[in-house]
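Structure first, then comments.
The values are calculated or read from the model by the stated rules, or taken from the named source; none is laboratory data. Note that the structure is predicted; figures quoted are calculated from it, not measured. Using ideal geometry, Cβ is built from the backbone for each residue, glycine included, and neighbour counts are taken over all protein chains shown.
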Amino acid sequence: MRHRLFATPLLSALLALSVFTADGATPRPPPPLRSADLAFIDTSIENGSPLHWDLQADNTILLSLQYDHERASPNRAAGHWHFRLEGRPGSAHTLVFQNFLNVWNGTSGLPVDARTACLLSDDGRTWRSERMELVEQRVRLRVTIGPTGSLYVARVEPYRLSDLEKLLATIHPHPLVKIDVIGRTVENRPLEIIRIGHERAPHRVFLRARAHPWEPGGNWVIEGLIAALLADTPSARAHLDRVTYFILPIANKDGVARGRTRFNLRGVDLNRGWDQPASPELCPENHALEQWLTAMNARDLRPHFALELHNDNNGKLHISRPAVPQLTAYLEDMKRFEALLRRHTWFTEGSTGATTRNPGTLGDGWLERFGIPAAVLEFNAHWIAGKQKAPLGADWQEFGGALPAVFTSYFAP
(Lines give C-alpha, C1' and ligand atoms only; values in the text may rest on other atoms or scores of the structure.)
Protein backbone atom coordinates (compact mmCIF):
# COMPACT_ATOMS: atom_id res chain seq x y z
CA MET A 1 0.00 0.00 0.00
CA ARG A 2 1.42 3.37 -1.01
CA HIS A 3 1.19 6.36 1.37
CA ARG A 4 0.72 9.90 0.15
CA LEU A 5 2.03 12.90 2.11
CA PHE A 6 -0.61 15.61 2.31
CA ALA A 7 0.46 19.18 3.02
CA THR A 8 -0.98 20.75 6.17
CA PRO A 9 -0.47 24.26 7.51
CA LEU A 10 1.72 22.91 10.33
CA LEU A 11 3.79 20.73 8.00
CA SER A 12 4.23 23.60 5.55
CA ALA A 13 5.46 25.84 8.34
CA LEU A 14 7.95 23.24 9.53
CA LEU A 15 9.25 22.71 6.00
CA ALA A 16 9.61 26.44 5.51
CA LEU A 17 11.72 26.71 8.65
CA SER A 18 13.97 23.78 7.71
CA VAL A 19 17.30 24.49 6.03
CA PHE A 20 19.02 21.58 4.27
CA THR A 21 22.65 21.19 3.25
CA ALA A 22 23.70 19.94 -0.19
CA ASP A 23 23.52 16.34 0.94
CA GLY A 24 20.04 16.87 2.41
CA ALA A 25 21.08 16.85 6.10
CA THR A 26 19.71 19.47 8.47
CA PRO A 27 22.61 21.62 9.80
CA ARG A 28 23.26 21.66 13.52
CA PRO A 29 22.45 24.85 15.46
CA PRO A 30 25.41 27.00 16.48
CA PRO A 31 26.94 26.04 19.82
CA PRO A 32 25.97 28.15 22.83
CA LEU A 33 28.28 30.94 23.89
CA ARG A 34 31.02 29.89 26.24
CA SER A 35 33.37 31.82 28.50
CA ALA A 36 36.86 30.92 29.64
CA ASP A 37 36.18 32.96 32.79
CA LEU A 38 32.74 31.61 33.83
CA ALA A 39 32.08 27.99 34.68
CA PHE A 40 28.63 28.03 36.30
CA ILE A 41 25.96 29.95 38.24
CA ASP A 42 25.02 27.72 41.18
CA THR A 43 21.54 28.36 42.63
CA SER A 44 21.42 25.09 44.60
CA ILE A 45 22.95 26.71 47.70
CA GLU A 46 20.79 27.19 50.78
CA ASN A 47 18.36 30.09 50.22
CA GLY A 48 19.56 30.23 46.61
CA SER A 49 17.29 32.17 44.27
CA PRO A 50 15.61 30.56 41.26
CA LEU A 51 16.80 32.36 38.13
CA HIS A 52 17.69 31.86 34.48
CA TRP A 53 21.11 32.95 33.21
CA ASP A 54 22.72 33.37 29.79
CA LEU A 55 26.09 34.53 28.55
CA GLN A 56 25.63 37.44 26.11
CA ALA A 57 27.61 38.25 22.96
CA ASP A 58 29.43 41.07 24.80
CA ASN A 59 30.48 38.54 27.49
CA THR A 60 28.11 39.94 30.12
CA ILE A 61 26.03 37.50 32.17
CA LEU A 62 22.29 38.18 31.94
CA LEU A 63 20.42 36.97 35.05
CA SER A 64 16.62 36.80 34.81
CA LEU A 65 14.90 36.62 38.19
CA GLN A 66 11.85 34.35 38.40
CA TYR A 67 8.57 35.73 39.71
CA ASP A 68 6.38 34.27 42.40
CA HIS A 69 2.67 35.00 42.20
CA GLU A 70 -0.20 35.83 44.52
CA ARG A 71 -3.19 33.51 44.48
CA ALA A 72 -6.19 34.61 42.35
CA SER A 73 -4.49 37.92 41.56
CA PRO A 74 -2.29 39.56 38.89
CA ASN A 75 0.19 40.46 41.63
CA ARG A 76 3.71 39.10 41.24
CA ALA A 77 7.08 39.74 42.83
CA ALA A 78 10.78 39.18 42.11
CA GLY A 79 13.54 40.85 44.06
CA HIS A 80 15.58 38.16 45.77
CA TRP A 81 18.91 37.06 44.39
CA HIS A 82 21.41 34.79 46.09
CA PHE A 83 23.72 32.44 44.18
CA ARG A 84 27.32 31.28 43.82
CA LEU A 85 29.30 32.34 40.78
CA GLU A 86 31.98 29.82 39.80
CA GLY A 87 34.70 31.42 37.72
CA ARG A 88 38.36 31.27 36.76
CA PRO A 89 40.66 32.64 39.49
CA GLY A 90 41.52 36.26 38.82
CA SER A 91 38.68 36.80 36.35
CA ALA A 92 36.21 39.71 36.25
CA HIS A 93 32.51 39.45 35.42
CA THR A 94 29.79 41.91 34.45
CA LEU A 95 26.37 40.83 35.75
CA VAL A 96 23.13 42.28 34.39
CA PHE A 97 19.94 41.59 36.37
CA GLN A 98 16.42 41.86 34.97
CA ASN A 99 12.75 41.04 35.80
CA PHE A 100 12.27 43.61 38.57
CA LEU A 101 8.91 44.96 37.42
CA ASN A 102 6.70 43.77 40.25
CA VAL A 103 2.93 44.16 40.12
CA TRP A 104 0.96 45.10 43.22
CA ASN A 105 -2.76 45.86 43.07
CA GLY A 106 -2.54 46.20 39.31
CA THR A 107 0.31 48.74 39.41
CA SER A 108 3.87 48.03 38.26
CA GLY A 109 6.77 49.17 40.38
CA LEU A 110 10.51 48.70 40.76
CA PRO A 111 11.80 47.40 44.11
CA VAL A 112 15.30 48.68 43.26
CA ASP A 113 16.72 52.17 42.76
CA ALA A 114 19.99 54.04 42.23
CA ARG A 115 21.13 53.16 45.77
CA THR A 116 20.76 49.41 45.27
CA ALA A 117 23.91 47.50 46.13
CA CYS A 118 25.08 43.99 45.37
CA LEU A 119 26.62 42.04 48.24
CA LEU A 120 29.63 39.81 47.60
CA SER A 121 31.27 37.15 49.73
CA ASP A 122 34.15 34.74 49.24
CA ASP A 123 32.85 32.28 51.82
CA GLY A 124 29.09 32.99 52.09
CA ARG A 125 29.56 34.45 55.60
CA THR A 126 31.60 37.66 55.40
CA TRP A 127 30.00 40.16 53.03
CA ARG A 128 31.01 43.39 51.34
CA SER A 129 28.90 45.85 49.35
CA GLU A 130 29.31 46.85 45.70
CA ARG A 131 27.22 49.66 44.19
CA MET A 132 25.12 48.77 41.13
CA GLU A 133 23.99 50.82 38.13
CA LEU A 134 20.47 51.14 36.72
CA VAL A 135 20.60 50.71 32.94
CA GLU A 136 18.32 50.31 29.90
CA GLN A 137 15.38 52.55 30.83
CA ARG A 138 16.15 51.81 34.50
CA VAL A 139 14.69 48.30 34.33
CA ARG A 140 18.00 46.43 34.57
CA LEU A 141 20.81 46.50 37.12
CA ARG A 142 24.46 46.08 36.18
CA VAL A 143 27.53 45.45 38.31
CA THR A 144 31.11 44.46 37.46
CA ILE A 145 32.89 42.29 39.98
CA GLY A 146 36.44 41.04 40.16
CA PRO A 147 39.17 40.16 39.83
CA THR A 148 37.93 37.08 41.59
CA GLY A 149 37.37 33.39 41.26
CA SER A 150 34.29 31.86 42.81
CA LEU A 151 32.16 33.97 45.12
CA TYR A 152 28.66 34.36 46.54
CA VAL A 153 26.37 37.11 45.27
CA ALA A 154 23.25 38.40 47.08
CA ARG A 155 20.94 41.40 47.25
CA VAL A 156 21.09 41.63 51.06
CA GLU A 157 23.14 39.68 53.58
CA PRO A 158 21.42 36.29 53.71
CA TYR A 159 19.90 34.74 56.82
CA ARG A 160 19.15 31.06 56.25
CA LEU A 161 17.11 28.42 58.05
CA SER A 162 20.41 26.93 59.24
CA ASP A 163 21.26 30.28 60.85
CA LEU A 164 18.01 30.15 62.80
CA GLU A 165 18.65 26.54 63.83
CA LYS A 166 22.07 27.55 65.13
CA LEU A 167 20.52 30.42 67.10
CA LEU A 168 17.85 28.18 68.62
CA ALA A 169 20.45 25.59 69.65
CA THR A 170 22.60 28.29 71.25
CA ILE A 171 19.87 29.92 73.35
CA HIS A 172 17.77 26.85 74.16
CA PRO A 173 19.52 25.92 77.46
CA HIS A 174 19.10 29.43 78.89
CA PRO A 175 16.72 29.53 81.89
CA LEU A 176 14.99 32.66 80.58
CA VAL A 177 14.32 31.13 77.15
CA LYS A 178 11.39 28.95 76.13
CA ILE A 179 10.84 27.76 72.55
CA ASP A 180 7.42 26.47 71.47
CA VAL A 181 6.39 25.06 68.09
CA ILE A 182 3.00 26.64 67.37
CA GLY A 183 2.28 25.10 63.97
CA ARG A 184 3.64 24.03 60.60
CA THR A 185 4.18 25.62 57.20
CA VAL A 186 2.70 24.37 53.92
CA GLU A 187 5.73 22.07 53.57
CA ASN A 188 5.53 20.97 57.22
CA ARG A 189 8.39 23.05 58.58
CA PRO A 190 8.00 23.97 62.28
CA LEU A 191 7.03 27.51 63.29
CA GLU A 192 8.72 28.52 66.54
CA ILE A 193 7.81 31.18 69.07
CA ILE A 194 10.80 32.17 71.20
CA ARG A 195 9.91 33.55 74.62
CA ILE A 196 12.62 35.50 76.38
CA GLY A 197 11.86 36.64 79.91
CA HIS A 198 9.32 35.80 82.59
CA GLU A 199 5.91 34.86 81.18
CA ARG A 200 4.06 37.02 83.73
CA ALA A 201 6.25 40.10 83.43
CA PRO A 202 4.24 43.35 83.54
CA HIS A 203 4.79 44.10 79.82
CA ARG A 204 4.86 41.84 76.76
CA VAL A 205 6.25 42.58 73.28
CA PHE A 206 5.68 40.46 70.16
CA LEU A 207 7.97 40.60 67.11
CA ARG A 208 7.66 38.78 63.79
CA ALA A 209 10.19 38.68 60.94
CA ARG A 210 10.44 37.27 57.45
CA ALA A 211 6.80 37.26 56.39
CA HIS A 212 8.35 38.04 52.98
CA PRO A 213 11.23 35.62 52.39
CA TRP A 214 13.63 37.99 50.61
CA GLU A 215 13.73 40.34 53.64
CA PRO A 216 16.36 39.06 56.14
CA GLY A 217 16.96 42.37 57.93
CA GLY A 218 14.44 41.48 60.63
CA ASN A 219 16.34 38.28 61.43
CA TRP A 220 19.55 40.20 62.04
CA VAL A 221 17.60 42.65 64.24
CA ILE A 222 16.24 39.72 66.26
CA GLU A 223 19.74 38.26 66.68
CA GLY A 224 20.97 41.60 68.02
CA LEU A 225 17.96 41.91 70.33
CA ILE A 226 18.38 38.40 71.76
CA ALA A 227 22.11 38.92 72.33
CA ALA A 228 21.36 42.11 74.28
CA LEU A 229 18.59 40.50 76.33
CA LEU A 230 20.73 37.50 77.32
CA ALA A 231 23.91 39.49 77.98
CA ASP A 232 23.71 38.81 81.75
CA THR A 233 24.25 42.43 82.69
CA PRO A 234 22.41 44.29 85.47
CA SER A 235 20.51 46.38 82.92
CA ALA A 236 19.46 43.31 80.88
CA ARG A 237 18.28 41.44 83.99
CA ALA A 238 16.36 44.48 85.21
CA HIS A 239 14.76 44.91 81.79
CA LEU A 240 13.60 41.29 81.64
CA ASP A 241 12.02 41.66 85.07
CA ARG A 242 9.65 44.15 83.45
CA VAL A 243 9.38 43.13 79.77
CA THR A 244 8.95 39.71 78.14
CA TYR A 245 9.51 39.13 74.41
CA PHE A 246 7.65 36.67 72.19
CA ILE A 247 9.39 36.29 68.81
CA LEU A 248 8.35 34.47 65.63
CA PRO A 249 11.72 34.65 63.82
CA ILE A 250 10.88 33.29 60.35
CA ALA A 251 7.22 33.35 59.36
CA ASN A 252 7.70 32.21 55.75
CA LYS A 253 10.14 29.32 56.17
CA ASP A 254 9.15 27.60 52.91
CA GLY A 255 9.83 30.77 50.93
CA VAL A 256 13.20 31.26 52.62
CA ALA A 257 14.19 27.65 51.90
CA ARG A 258 13.22 27.99 48.23
CA GLY A 259 14.68 31.45 47.65
CA ARG A 260 11.30 33.06 46.95
CA THR A 261 10.44 36.76 47.14
CA ARG A 262 7.03 37.49 48.70
CA PHE A 263 4.30 34.86 48.97
CA ASN A 264 3.90 31.53 50.73
CA LEU A 265 3.79 28.38 48.60
CA ARG A 266 0.03 28.67 48.11
CA GLY A 267 0.23 32.24 46.85
CA VAL A 268 -0.68 34.05 50.08
CA ASP A 269 1.01 37.22 51.35
CA LEU A 270 1.60 36.63 55.07
CA ASN A 271 1.47 40.37 55.77
CA ARG A 272 -2.03 40.66 54.37
CA GLY A 273 -5.36 39.13 55.36
CA TRP A 274 -5.13 40.00 59.07
CA ASP A 275 -8.49 41.77 58.85
CA GLN A 276 -10.16 38.33 58.87
CA PRO A 277 -9.42 34.80 60.14
CA ALA A 278 -6.61 33.01 58.30
CA SER A 279 -7.30 29.91 56.19
CA PRO A 280 -5.61 26.83 57.71
CA GLU A 281 -5.36 25.28 54.23
CA LEU A 282 -4.04 28.25 52.23
CA CYS A 283 -2.22 30.07 54.99
CA PRO A 284 -1.26 27.65 57.80
CA GLU A 285 1.52 30.01 58.90
CA ASN A 286 -0.88 32.84 59.80
CA HIS A 287 -3.51 30.42 61.08
CA ALA A 288 -0.98 28.99 63.57
CA LEU A 289 -0.03 32.46 64.78
CA GLU A 290 -3.68 33.46 65.12
CA GLN A 291 -4.39 30.34 67.18
CA TRP A 292 -1.42 31.13 69.42
CA LEU A 293 -2.65 34.69 69.92
CA THR A 294 -6.16 33.45 70.74
CA ALA A 295 -4.72 31.11 73.38
CA MET A 296 -2.62 33.93 74.84
CA ASN A 297 -5.70 36.14 75.05
CA ALA A 298 -7.57 33.37 76.88
CA ARG A 299 -4.76 33.25 79.45
CA ASP A 300 -4.71 37.05 79.80
CA LEU A 301 -1.22 37.12 78.26
CA ARG A 302 -1.80 38.97 75.01
CA PRO A 303 1.04 41.30 73.90
CA HIS A 304 1.00 44.96 74.86
CA PHE A 305 2.90 45.86 71.67
CA ALA A 306 3.48 44.06 68.34
CA LEU A 307 6.12 44.91 65.75
CA GLU A 308 6.34 43.38 62.27
CA LEU A 309 9.85 43.60 60.75
CA HIS A 310 10.43 44.01 57.00
CA ASN A 311 12.83 45.26 54.32
CA ASP A 312 12.00 47.59 51.45
CA ASN A 313 13.71 50.48 49.62
CA ASN A 314 12.30 53.24 51.86
CA GLY A 315 12.67 52.29 55.51
CA LYS A 316 9.75 53.75 57.46
CA LEU A 317 7.60 52.99 60.47
CA HIS A 318 4.16 52.13 59.06
CA ILE A 319 1.47 53.18 61.53
CA SER A 320 -2.06 51.77 61.36
CA ARG A 321 -5.17 53.95 61.25
CA PRO A 322 -8.29 51.76 61.33
CA ALA A 323 -11.54 53.16 62.69
CA VAL A 324 -11.16 51.96 66.28
CA PRO A 325 -12.17 53.72 69.52
CA GLN A 326 -8.59 53.78 70.82
CA LEU A 327 -7.09 55.31 67.66
CA THR A 328 -6.10 58.65 69.22
CA ALA A 329 -4.29 56.98 72.12
CA TYR A 330 -2.64 54.54 69.71
CA LEU A 331 -1.34 57.34 67.48
CA GLU A 332 0.10 59.12 70.51
CA ASP A 333 1.83 55.91 71.57
CA MET A 334 3.28 55.43 68.06
CA LYS A 335 4.50 59.03 68.01
CA ARG A 336 6.29 58.37 71.28
CA PHE A 337 7.66 55.04 69.98
CA GLU A 338 9.06 56.74 66.87
CA ALA A 339 10.76 59.38 69.02
CA LEU A 340 12.34 56.62 71.13
CA LEU A 341 13.62 54.85 68.01
CA ARG A 342 15.29 58.09 66.96
CA ARG A 343 16.79 58.57 70.42
CA HIS A 344 18.19 55.08 71.01
CA THR A 345 18.90 53.69 67.49
CA TRP A 346 20.15 54.91 64.13
CA PHE A 347 16.55 55.15 62.83
CA THR A 348 15.86 58.47 61.02
CA GLU A 349 13.52 57.64 58.11
CA GLY A 350 10.28 58.64 59.83
CA SER A 351 6.74 57.26 59.61
CA THR A 352 3.93 57.07 57.08
CA GLY A 353 1.61 60.01 56.50
CA ALA A 354 -1.46 60.89 58.53
CA THR A 355 -3.90 59.41 56.01
CA THR A 356 -2.00 56.19 55.23
CA ARG A 357 -3.60 52.87 56.06
CA ASN A 358 -2.62 49.31 55.14
CA PRO A 359 -5.72 47.15 55.67
CA GLY A 360 -4.88 43.52 56.26
CA THR A 361 -1.31 44.01 57.50
CA LEU A 362 -0.43 42.59 60.89
CA GLY A 363 -0.02 46.12 62.23
CA ASP A 364 -3.50 47.10 61.10
CA GLY A 365 -5.31 43.80 61.75
CA TRP A 366 -3.99 43.21 65.25
CA LEU A 367 -5.06 46.68 66.34
CA GLU A 368 -8.50 46.40 64.73
CA ARG A 369 -9.35 42.80 65.64
CA PHE A 370 -7.50 42.27 68.91
CA GLY A 371 -6.92 45.78 70.29
CA ILE A 372 -3.12 45.31 70.29
CA PRO A 373 -0.99 48.38 69.45
CA ALA A 374 0.99 47.18 66.43
CA ALA A 375 3.09 48.60 63.59
CA VAL A 376 5.21 47.52 60.63
CA LEU A 377 8.84 48.62 60.73
CA GLU A 378 10.62 48.54 57.37
CA PHE A 379 14.40 48.61 57.06
CA ASN A 380 15.81 50.08 53.86
CA ALA A 381 17.64 47.23 52.15
CA HIS A 382 19.83 49.62 50.14
CA TRP A 383 20.85 52.49 52.42
CA ILE A 384 20.86 53.45 56.11
CA ALA A 385 20.25 57.19 56.21
CA GLY A 386 21.22 57.40 59.88
CA LYS A 387 24.62 55.81 59.18
CA GLN A 388 25.15 56.93 55.57
CA LYS A 389 26.06 53.47 54.36
CA ALA A 390 24.75 50.36 52.68
CA PRO A 391 23.46 47.96 55.35
CA LEU A 392 25.04 44.71 56.43
CA GLY A 393 23.80 42.21 58.97
CA ALA A 394 25.95 43.81 61.69
CA ASP A 395 24.15 47.15 61.24
CA TRP A 396 20.77 45.52 61.81
CA GLN A 397 22.16 43.57 64.78
CA GLU A 398 23.25 46.90 66.25
CA PHE A 399 19.69 48.19 65.83
CA GLY A 400 18.28 45.13 67.58
CA GLY A 401 20.73 45.52 70.42
CA ALA A 402 19.32 48.99 71.11
CA LEU A 403 15.66 47.89 71.22
CA PRO A 404 15.66 47.02 74.97
CA ALA A 405 16.44 50.68 75.70
CA VAL A 406 13.55 51.71 73.44
CA PHE A 407 11.06 49.44 75.25
CA THR A 408 12.42 50.31 78.68
CA SER A 409 11.50 53.93 77.99
CA TYR A 410 8.26 53.04 76.19
CA PHE A 411 6.94 51.13 79.22
CA ALA A 412 8.39 53.52 81.80
CA PRO A 413 5.94 54.47 84.58
Counted residues in region 153-173 being surrounded by 13 or more Cβ atoms within 10 Å (Cβ to Cβ) and either in contact with a strand residue (DSSP E or B) (Cβ under 8 Å, 6 or more places away or on another chain) or closer than 15 Å to Ala251 by Cα (or both) come to 13
Pairs needed: first member in region 282-293, free of Cβ contacts under 8 Å to residues at least 60 places away in the same chain; second member anywhere, surrounded by 18 or more Cβ atoms within 10 Å (Cβ to Cβ); C-beta distance under 6 Å; at least 6 residues apart or different chains. Cys283/Val268; Asn286/Leu270; Asn286/Ala278; Glu290/Ala278
Please identify the pairs in which a residue from region 294-310 that is at pLDDT 95 or above has its Cβ atom under 6 Å from the Cβ atom of a residue that is in a helix (DSSP H, G or I), counting only partners at least 6 apart or on another chain. Arg302/Met296; Ala306/Trp366; Glu308/Leu362; Glu308/Gly363; Leu309/Gly218; Leu309/Val221
Restricted to region 254-273 and to residues being surrounded by 22 or more Cβ atoms within 10 Å (Cβ to Cβ) and touching a strand residue (DSSP E or B) at 6+ places or on another chain (Cβ under 7 Å), the residue farthest from Phe100 (Cα to Cα) is Asn271
How many residues does region 119-142 hold that are surrounded by 15 or more Cβ atoms within 10 Å (Cβ to Cβ) and closer than 13 Å to Leu85 by Cα? 4
Could you say whether any residue in region 179-197 is surrounded by fewer than 16 Cβ atoms within 10 Å (Cβ to Cβ), more than 19 Å from Lys253 (Cβ to Cβ) and not hydroxyl-bearing (Ser, Thr, Tyr)? no
Looking for something within 20 Å of Ile250 (Cα to Cα) and assigned to a helix (DSSP H, G or I) - is there at least one such residue anywhere in region 277-284? yes
Considering every residue within region 259-276, establish whether at least one is assigned to a loop (DSSP other than H, G, I, E, B) and of a type in the set (Phe, Trp, Tyr). yes
For region 311-329, how many residues meet the condition of being touching a strand residue (DSSP E or B) at 6+ places or on another chain (Cβ under 8 Å) and either without any contact (Cβ under 8 Å) to a residue 40 or more places away in the chain or outside the structural domain of Pro216 (by TED's automatic domain parsing) (or both)? 0
Whether any residue in region 26-46 is modelled with pLDDT of 95 or more and touching a Ser or Thr at 6+ places or on another chain (Cβ under 8 Å) is what I want to check. yes
Of those in region 164-179 that are touching a helix residue (DSSP H, G or I) at 6+ places or on another chain (Cβ under 9 Å) and in contact (Cβ under 8 Å) with a residue 40 or more places away in the chain, the residue nearest to Cys283 (Cα to Cα) is Leu164
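Yes/no matrix, rows are residues, columns are (1) of a type in the set (Gly, Ala, Ser); (2) farther than 16 Å from His212 by Cα; (3) without any contact (Cβ under 8 Å) to a residue 40 or more places away in the chain:
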position	(1), (2), (3)
Leu63	no, yes, yes
Asp68	no, no, no
Arg76	no, no, yes
Gly79	yes, no, no
Arg84	no, yes, no
Arg88	no, yes, no
Arg115	no, yes, no
Ser121	yes, yes, yes
Complete set of residues in region 106-118 that are surrounded by 19 or more Cβ atoms within 10 Å (Cβ to Cβ) and in a strand (DSSP E or B): Ala117, Cys118
List the pairs whose first member sits in region 398-410 and is farther than 13 Å from Tyr245 by Cα, whose second member is at pLDDT 95 or above and polar (S, T, N, Q), and whose Cβ atoms are under 6 Å apart, counting only residues at least 6 apart or on separate chains? Phe399/Thr345; Ala402/Thr345
Let me spell it out: the conditions are (1) surrounded by fewer than 18 Cβ atoms within 10 Å (Cβ to Cβ); (2) within 17 Å of Val153 (Cα to Cα), and Leu63 meets all of them except one. Which number is the exception? (1)
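Considering only residues that are in a loop (DSSP other than H, G, I, E, B) and under 22 Å from Pro303 (Cβ atoms), look in region 186-202 and name the one that is nearest to the chain's Cα centre (by Cα).
If we take residues in region 186-202 being in a loop (DSSP other than H, G, I, E, B) and under 22 Å from Pro303 (Cβ atoms), then Gly197 is nearest to the chain's Cα centre (by Cα).
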Under 7 Å by Cβ, and 6 or more places apart or on different chains, what pairs join a residue from region 90-111 that is assigned by TED's automatic domain parsing to the domain that holds Leu51 and within 11 Å of Leu63 (Cα to Cα) with one that is among the polar types (S, T, N, Q) and in a strand (DSSP E or B)? Thr94/Thr144; Gln98/Ser64; Asn99/Ser64
